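Participant: Please find one structure pasted underneath; my questions will follow.
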Amino acid sequence: MNKTFKDFILEDLDVFFNVDEMAVEHELEGQNLDLIVVDSSLEDLKGFGRDQLNVAQEVFKIFKTVYVKSSDFYIPKVDSELVLDGESYYVEEAKDQNGVIKIVLSANES
């Protein structure tokens, strides 16, 4: 059986989500999962309109981008609430990208 490019990508996910490589264990919605979590700034986020960025800057939001294997988690709905490491965040964006779910989370700074 010939492997496709997608097959090779899915096999490589175990390397990226290995805690000895890039991933770190976090608690997401009560589950301990190996995730890649990146603190993001407004400038890093693409797809947000200028009005959204200006309003968000006045509220002082913090953003985190979470990457999780789609076999380990589900795609949450935009505007739903997720708990990451005991902190509540709102889902700004969520999509599956070739076996990896990218979730952009936001919260108001306190």
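No value in this document is a laboratory result; all are computed from the given coordinates. Because the structure is predicted, anything quoted here is derived from the model rather than measured. All Cβ positions, even for glycine, are placed from backbone atoms using ideal geometry, and neighbour counts span all protein chains on display.
Participant: Tell me, what is the FRET efficiency for GLU25 and MET1 to the nearest 0.05, using R0 = 41 angstrom and their Cβ-Cβ distance as r?
Facilitator: 0.75
Participant: Can you compute the modelled spin-label distance between ALA107 and ASP72, with each label point 7 Å from Cα toward Cβ, in nm?
Facilitator: That separation, rounded to one decimal, is 1.9 nm.
Participant: What full-extension length gain, to one decimal in nm, is calculated for TYR90 and ILE9 as 0.36 nm per residue of separation minus the Cα-Cα distance?
Facilitator: 26.2 nm
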